[in-house]
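Taking it in order: structure first as structure tokens, then the write-up.
The values are calculated or read from the model by the stated rules, or taken from the named source; none is laboratory data. Please read these numbers as outputs of a predicted model, since none were measured by experiment. When we count neighbours, we look across all protein chains shown, and the Cβ atoms used for this are built from the backbone with ideal geometry, even at glycine.
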Amino acid sequence: MKYEGKAIQCSMLDGGIAELKFDLKDDSVNKFNTLTLKELREVVDQIKGDKSIRGLLVTSAKDCFIVGADVMEFLDHFKKSETELVGWLKVVDGIFSDIEDLDYPTVTAINGVALGGGMEFSLSTSYRVMAANTKIGLPEVKLGIFPGWGGTVRLSRLSGADNAIEWICGGEQYDAESALKIRAIDAIAAPAKLREVALDLVKTAMEGKLDWKARRTEKTSPLKLNPIESTMVFEIAKGFVGAKAGPNYPSPVAAIEVMQKGAGKSRDEALAIEAATFAKIAKTPTAHSLVSIFLADQYIKKSGKKLSKAGRPVTTASVLGAGIMGGGVAYQSASKGIPIYMKDIASKALDLGFNEASKILDKQVSKKKMTPAQMGEVLGKIRSTLSYGDFGHVDFVVEAVVENEGVKKKVLAELEGQMKDDTIITSNTSTISITRLAEGLKRPENFCGMHFFNPVHRMPLVEVIRGAKSSEKAVATTVGYALAMGKTPIVVNDCAGFLVNRVLFPYFAGFMKLLADGVDFVKIDKVMEKFGWPMGPAYLLDVVGIDTAHHADAVMAKEFPDRMSHTGQTAIEVMFANNRFGQKNGKGFYTYTPDKKGRPKKEADPAVYTMLKPLVQKDLGATITDQEIIDRIMLPMIFECSRCLEDKIVESPVEVDLGLVYGLGFPPFRGGAMRYADAVTAKVICQTAEKYASLGKLYEPTAQIRTQAQTGKGFY
């Protein structure tokens, strides 16, 4: 028995043991793409026909086992009809089941990671051995689907329905100890001993010392649950998971229903149920949107890695300006192994920044995601300082002082004099022109923007802003540093607000106009949260900070007066004038008091209605529909996104959508503003905009969207 493919090799070892090795050529990882599945079918057929084989060992020649199915091919598969999709799934099920049905023991040696289809394949073998440093999991729900190659069937039978529900509906990755605890694997080995331990397990089973046939019977038979137990497990889970996932994310509950319907069936009957439901879920807009976001993320990171080659690696960094933001940047850098200096002119600010990093790490220790020793190691990479002392040795600086152009220019000029001639300096500004900030620098080519989003450790996006004189080296180095910090960098050209804030403030402007027309801010928040936003515009303003929004709104009004300026006071200005800054001082549109866990709990404040009453020019509160609220808030954002494309602030709608999802929390199941616009269609958008023409330029479709309406095309 010998097989030499481009993705799989198979050869005979001593004692009648065949070793099937995954090794996808011209790729850094193994994945189940069309080529791999084709070769797997061929090699399994050969294995079945070779009567000399008495045991099978499955390994990987790469640093990981299998990362899952090739997501790049997903959207093509999802274009198929449900019947065609089911047919494709059954082909893969047939391969995995043929492995499971071999007349001798089979063992998978799992190294690196085994995710999605990679884990599902491993479940088809008799036993699994994991390297101690390996991660395993079924993350499909994060793509709007669920395991479709037997994961719901085999894991529920091996680990019990409750454990399978937790793993499949949570979509998380687990370590070897967790996998062993629920019987998803059978042994843990030191990484260097993995293949040896797995091979010994094959031999032990071949000698009859392990009942591998009983294990196969367990996986191919109905679940051992009586009707009452089945109802208890699945119905309770559906209620809990359904409430958590919400109506816009149907795949977790669908996965539970698949397990429930298949519980009393044989393996093959249960696989048929899984395939039929998977095909339905794969055709949903949610699945299409979430897969698109995943692919956009991969595209942006791949492009970023390519661009970063024109820069240089950052070995030591510094952040100028401590506090919450500086502490977040320091934590993020140190946690990824890059030492960082944190400088401020005030000891209190340094303490605040260091405490911010410590607080984030404390939470990870309490959740057992890291040990106290590892926490100490990360904190050891953060050095607080009141002077520029060691700044002459760093490769990279993030300036994160107060959002004031005059202050930033002064600080940046002073900073430049302390640095090496080739040090890259960046500004963490949210609205101020990078080109203007560079005006006082002697080496503006070494300067660009690096806009983090708060909280830094949670928000995946970083905007890298190219100023008029920013060099390719500066931009490339910044992109590389962002990637090294575990962030997704989007390169944008310079303008007020860049991408994310430029499109956010028209959204807020739509909200302000609704308030002026007498619509209750609580009602608006509820409608937009139902639309899918994690928080409505009033709540978001409170979280951002009314003082921050007030400053940014003035910047945007000055830079884009035709659509972002306003006469008279706005609600933001009223809140600011009344010292209602949002969560930071406990009162904004809402009031905030700590709950039992110390988190701010919001409540509507009647006093706000009194403050806003002088702004009301109409009273549409009782007659306006939810859809009208959505349209009046979303149209300005969509049009500004289009203008960013027309002005070449970003290259494509991919950057726009990923920026909104990662930077603002735009509803992921809608795929971003551009995908949402395509779903509505440009024609309908233009027709809707006509209703609001009296509201001004904010509601005027761009030339790009008008052309789409005429041609029937979209952003994608």
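What residue, among those in the range 652-683 that are touching a residue at least 60 places away in the same chain (Cβ under 8 Å) and outside any helix (DSSP H, G or I), is surrounded by the most Cβ atoms within 10 Å (Cβ to Cβ)?
Out of the qualifying residues, it is 672.
When you look at residue 407, is it hydrophobic (A, V, I, L, M, F, W, C) and either over 30 Å from the mean Cα position of the chain (by Cα) or outside any loop (DSSP other than H, G, I, E, B) (or both), yes or no?
Against the criterion (hydrophobic (A, V, I, L, M, F, W, C) and either over 30 Å from the mean Cα position of the chain (by Cα) or outside any loop (DSSP other than H, G, I, E, B) (or both)), residue 407 qualifies.
Out of the helices (runs of 4 or more DSSP H) lying entirely within the range 428-534, which hold 2 or more residues that are closer than 29 Å to residue 306 by Cβ, out of contact with any His (no Cβ under 8 Å at 6 or more places or on another chain) and at pLDDT 95 or above? Step through it out loud before you land on a result.
Numbers: elements: 434-437, 472-484, 500-516, 521-531.
Filter on the range 428-534 gives 434-437, 472-484, 500-516.
Looking for whichever is within 14 Å of residue 447 (Cβ to Cβ), free of Cβ contacts under 8 Å to residues at least 40 places away in the same chain, part of a helix (DSSP H, G or I) and not assigned by TED's automatic domain parsing to the domain that holds residue 552 here; the options are 373, 413. Which one fits? Lay out the reasoning, then the answer.
Values: 373 fails: within 14 Å of residue 447 (Cβ to Cβ).
One residue alone meets the criteria, 413.
Any chance you could count how many residues in the range 449-478 are in contact with a Gly (Cβ under 9 Å, 6 or more places away or on another chain) and more than 20 Å from residue 327 (Cα to Cα)?
Qualifying residue count for the region: 10.
Considering the range 469-492 alone, what residues qualify as being surrounded by fewer than 20 Cβ atoms within 10 Å (Cβ to Cβ) and farther than 21 Å from residue 298 by Cα?
Passing the criteria: 469, 471, 472, 473.
If residue 88 satisfies all but one of (1) in contact (Cβ under 8 Å) with a residue 40 or more places away in the chain; (2) within 22 Å of residue 151 (Cα to Cα); (3) aromatic (Phe, Trp, Tyr), what's the number of the condition it fails?
(1)
Take residue 202 and decide whether it is of a type in the set (A, V, I, L, M, F, W, C), assigned to a helix (DSSP H, G or I), over 23 Å from residue 160 (Cβ atoms) and in contact with a Leu (Cβ under 7 Å, 6 or more places away or on another chain).
Considered against the rule, which asks whether it is of a type in the set (A, V, I, L, M, F, W, C), assigned to a helix (DSSP H, G or I), over 23 Å from residue 160 (Cβ atoms) and in contact with a Leu (Cβ under 7 Å, 6 or more places away or on another chain), residue 202 comes out as yes.
Among what's in the range 319-357 and is touching a strand residue (DSSP E or B) at 6+ places or on another chain (Cβ under 8 Å), small (Gly, Ala, Ser) and in a helix (DSSP H, G or I), pick the residue that is farthest from residue 425 (Cα to Cα).
Among them, the one singled out is 357.
Taking into account only those residues within the range 460-517 that are within 22 Å of the chain's Cα centre (by Cα) and small (Gly, Ala, Ser), which is nearest to residue 694 (Cα to Cα)?
So the residue we want is 482.
Scan the range 377-396 for residues that are in contact with a helix residue (DSSP H, G or I) (Cβ under 6 Å, 6 or more places away or on another chain) and either without any contact (Cβ under 8 Å) to a residue 40 or more places away in the chain or outside any strand (DSSP E or B) (or both) and jot them down.
Across the range 377-396, the qualifying residues are 378, 381.
In the set 521, 508, 498, which member is crowded, with 19+ Cβ neighbours inside 10 Å and more than 25 Å from residue 608 (Cα to Cα)?
So the residue among 521, 508, 498 that is crowded, with 19+ Cβ neighbours inside 10 Å and more than 25 Å from residue 608 (Cα to Cα) is 498.
Could you list, in sequence order, all residues of the range 127-160 that are closer than 17 Å to residue 271 by Cα, over 18 Å from the mean Cα position of the chain (by Cα) and buried (at least 23 other Cβ atoms within 10 Å of the Cβ)?
Across the range 127-160, the qualifying residues are 147, 148, 149, 150, 151, 152, 153, 154, 155, 156, 157.
Has the range 306-318 got any residue that is among the charged types (D, E, K, R), outside the structural domain of residue 481 (by TED's automatic domain parsing), outside any loop (DSSP other than H, G, I, E, B) and buried (at least 17 other Cβ atoms within 10 Å of the Cβ)?
There is no residue in the range 306-318 that is among the charged types (D, E, K, R), outside the structural domain of residue 481 (by TED's automatic domain parsing), outside any loop (DSSP other than H, G, I, E, B) and buried (at least 17 other Cβ atoms within 10 Å of the Cβ).
Pairs please, first residue from the range 553-569 and without any contact (Cβ under 8 Å) to a residue 12 or more places away in the chain, second anywhere and assigned to a helix (DSSP H, G or I), Cβ atoms under 8 Å, 6+ apart in sequence or on different chains.
Matching pairs, first to second residue: 557/564; 565/557; 565/558.
Matching residues to (1) of a type in the set (Phe, Trp, Tyr); (2) assigned to a helix (DSSP H, G or I); (3) under 27 Å from the mean Cα position of the chain (by Cα):
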| site | (1), (2), (3) |
| --- | --- |
| 178 | no, yes, yes |
| 193 | no, yes, no |
| 198 | no, yes, no |
| 209 | no, no, no |
| 213 | no, yes, no |
| 216 | no, yes, no |
| 231 | no, yes, no |
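Looking for something in a helix (DSSP H, G or I) and modelled with pLDDT under 95 - is there at least one such residue anywhere in the range 78-93?
Yes: one or more hits.
Considering (1) surrounded by fewer than 18 Cβ atoms within 10 Å (Cβ to Cβ); (2) in the same structural domain as residue 95 (by TED's automatic domain parsing), say which one residue 303 fails and leave the rest.
Every listed condition holds for residue 303 apart from (2).
I'm checking my understanding of the structure. Among residues of the range 552-595 that are assigned to a helix (DSSP H, G or I) and among the β-branched types (Val, Ile, Thr), which one is surrounded by the fewest Cβ atoms within 10 Å (Cβ to Cβ)?
Step by step, filter the range 552-595, then rank; the result is 574.
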